[in-house]
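Data block below; observations after.
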Amino acid sequence: MDKKKEESIPEPAKEQVLTDQTVQALSGNPLIEEVPLEKNNKKLYIFGSIFFVIIILASGLVFYFVNQVKPRQKIVTKLIQNKEPIKQEIIQLKKNEITLEILNGSEIPGLASKTAKKFTDLGYQVVKTGNAETVSNGFLYVNNTLSGRLDLLVADVASVLNIASVSGTISNNSSASAQIILGKK
């Protein structure tokens, strides 16, 4: 008899009154059966869940490979050396920018003044004339900071005094660009 009660239509609540039509509809379609729309929704839910899981797994794999796989190529930097050395142009001083000390080491009176006049006429600034120890040949000493920038002076000293090259550097206490010591010859 219990089986009959389970299969039978449930009893309505005391306050609830069912119409005959509702009772017939319920007896023909038990409440346990699924409605076709709910079946479609359940399939769509399962498909969406599987698709979501696949997207998450694919994103995880992409993230893993992007962050874990290192490139196998090495970046090589190559230093290119210029075969020609960089040429720095040495700016020569103009004659009016060169200051001279002319010292007489020849024992000929007034030779330093006469020589100073020649170089002044050529455009140089003579800042000092005087006497030096007696020397047989003339010498040209240049300020070490101006070495290589006095080509005009070297050429003029060679033509006027027959001193062909620079003999050395001036002592640090001189403010002149160059010092000429006149010799006996």
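The values are calculated or read from the model by the stated rules, or taken from the named source; none is laboratory data. The model shown is predicted, which means the values in this text are computed figures rather than measured ones. As a convention, Cβ positions derive from the backbone with ideal geometry for all residues, glycine included, and neighbour counts pool all protein chains shown.
The residues in the range 109-130 that are crowded, with 19+ Cβ neighbours inside 10 Å, of a type in the set (A, V, I, L, M) and within 51 Å of the chain's Cα centre (by Cα) can be counted, and the count is 1.
Pairs are defined by a Cβ separation below 8 Å, a sequence spacing of at least 6 or placement on different chains, a first member in the range 130-153 that is closer than 25 Å to SER106 by Cα and modelled with pLDDT of 85 or more, and a second member that is in a loop (DSSP other than H, G, I, E, B) and among the charged types (D, E, K, R); the pairs so defined are THR134/GLU107; THR134/LYS184; VAL135/LYS184; SER136/LYS184; SER136/LYS185; ASN137/LYS184; ASN137/LYS185; GLY138/LYS185.
Which one is nearest to ASN131 (Cα to Cα) among residues in the range 89-121 that are among the acidic types (Asp, Glu) and either touching a helix residue (DSSP H, G or I) at 6+ places or on another chain (Cβ under 7 Å) or in a loop (DSSP other than H, G, I, E, B) (or both)? Filtering first and then ranking leaves GLU107.
Kindly indicate whether SER106 is surrounded by fewer than 19 Cβ atoms within 10 Å (Cβ to Cβ) and polar (S, T, N, Q).
When the stated conditions are applied, SER106 does not pass them.
Residues in the range 131-173 that are under 11 Å from LEU103 (Cβ atoms) and not β-branched (Val, Ile, Thr) were compared, and the one that is surrounded by the fewest Cβ atoms within 10 Å (Cβ to Cβ) is GLU133.
Scan the range 103-126 for residues that are touching a residue at least 40 places away in the same chain (Cβ under 8 Å) and under 17 Å from ALA155 (Cβ atoms) and jot them down. Matches in the range 103-126: THR115, LYS118, PHE119. Restricting ALA164, ALA176 to residues that are outside any helix (DSSP H, G or I) and free of Cβ contacts under 8 Å to residues at least 12 places away in the same chain narrows the list to ALA164.
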